[in-house]
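So the structure is just underneath, and the comments pick up after that.
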Amino acid sequence: MNTTARYNRQIILPEIGDSGQEKLTKAKVLIIGAGGLGAAVLPYLAAAGVGEIGIVDNDVIELSNLQRQVIYKSSAVGKHKVNEAKLMVSELNPLVKVNAIEEKLSAKNVIDLFENYDIIVDATDNIAIKYLINDACLVTNKPMVYGSIFRFQGQVSVFNYQNGPTYRCLYPDGNSNALNCEDAGVIGISVGIIGMLQANEVIKMILEIGEVLSGKILVYNILNNEQQKYDFEKNTHLVIDKNTFLQKYNLVENQVEEISFEEIVNEINKDEVLFLDVRNEDELPKINFENSIQIPLMNLENEIEKLNSNQTIYVFCQSGIRSKIAVELLQKKEFNKVKSIAGGVLAMKQLLNEEIKI
């Protein structure tokens, strides 16, 4: 296929040329949302020759979408948006690789998705998802091309571009009650204009030309054709790294805390403490404390009612491996005062050798 003929009108621009077209071909862009904004961004990126485009959305096409999501046909109602969007691109420009990602964006998949792309386009109408996109862009060091619509007015900006200001710098309050298109109403033209402006920011970043809307927000009103640009500063006190992200979105696994038997040997036979043996019943040596109980690991989940979550529980096995698994299980069941005895019985018997009968 003659790519020069396909892209000739932009290649002849001095700011683009063959080298710029090569940059577009190598670029990877991820669009979050295949609704109104996504439907405007996608065809222009594909037509320009962006080499790889991912589209994330788990929605199906509804009749009410067609008023503004103009890449879909009436016959596609009921079908998944990302699949129909991919089909559209394949017909528009078969040179573009399209990844149709039929998933809902979440804290669990966002980091892995973003790491595979150069630029992230926010084409959503959900405030919470916008904060998630922003935070994941900070963790993965990707620029976020932001777009938002409210009735006849739209906004465009670029966040985290070359370590520039972020969405949280502009909108620090994550508890906004802003209406979405379904609640507030929208005209398709405003969505199309803002989506194309987003696509323009993507192209400029890829080609490294023009002035990117970093630290600036463009507000456009289609009723009076007025537009304003407002500057905003980076909040240098706001830091979101991977650990902060994991904690913020509750992705941090409960850490299994280990403790040496030497530290707790004086707690044997205390009522407020329980020693939990998760070995099988035939394993030696036997441990018989007044405040001990044996529940084999394989039975623990079914017999968990035998335990009191208010007690401090020290879990042990033969060598300290199964006890860690038991602690993880108990933590998931909201047992917060539970620790694994490091080294298990093999370590314990060194201190209690005279009391343990092998």
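A few comments on the model shown:
- Within region 98-113, residues that are of a type in the set (D, E, K, R) have Cβ atoms under 8 Å from residues that are part of a strand (DSSP E or B) and open to solvent by 40 Å² or more (accessible area, probe 1.4 Å) in these pairs: Glu102/His80, counting only partners at least 6 apart in sequence or on another chain.
- The residue list Leu132, Leu138, Leu213 contains one member that is crowded, with 18+ Cβ neighbours inside 10 Å, within 21 Å of Lys23 (Cα to Cα) and not basic (Lys, Arg), which is Leu213.
- Once region 112-129 is narrowed to residues that are open to solvent by 20 Å² or more (accessible area, probe 1.4 Å) and assigned to a helix (DSSP H, G or I), the residue that is farthest from Gly36 (Cα to Cα) is Asp112.
- Selection within region 39-66 - among the acidic types (Asp, Glu) and more than 30 Å from Arg9 (Cβ to Cβ): Asp57, Asp59, Glu62
- All positions within region 276-312 that are within 14 Å of Met348 (Cα to Cα), hydrophobic (A, V, I, L, M, F, W, C) and modelled with pLDDT of 95 or more: Leu276
- Count of region 155-174 residues which are farther than 10 Å from Tyr131 by Cβ and either at pLDDT below 70 or assigned to a helix (DSSP H, G or I) (or both): 5
- Taking region 310-357 as the range and being more than 17 Å from Arg279 (Cα to Cα) and open to solvent by 50 Å² or more (accessible area, probe 1.4 Å) as the test, the residues that pass are Asn310, Lys332, Lys333, Glu334, Asn336, Lys337, Gln350, Leu351, Asn353, Glu354, Glu355.
- Sole exception among (1) in a loop (DSSP other than H, G, I, E, B); (2) over 30 Å from Asn134 (Cα atoms); (3) open to solvent by less than 60 Å² (accessible area, probe 1.4 Å) for Leu251, by number: (2)
The values are calculated or read from the model by the stated rules, or taken from the named source; none is laboratory data. Predicted model, so just to flag it, every value in this text is computed and none were measured. Heads up, the Cβs are rebuilt from the backbone with ideal geometry, glycines too, and the neighbour counts pull from every protein chain shown. With ligands, DNA and RNA removed, areas are computed over all heavy atoms of the protein, side chains included. Shrake-Rupley method; radii C 1.70, N 1.55, O 1.52, S 1.80 Å.
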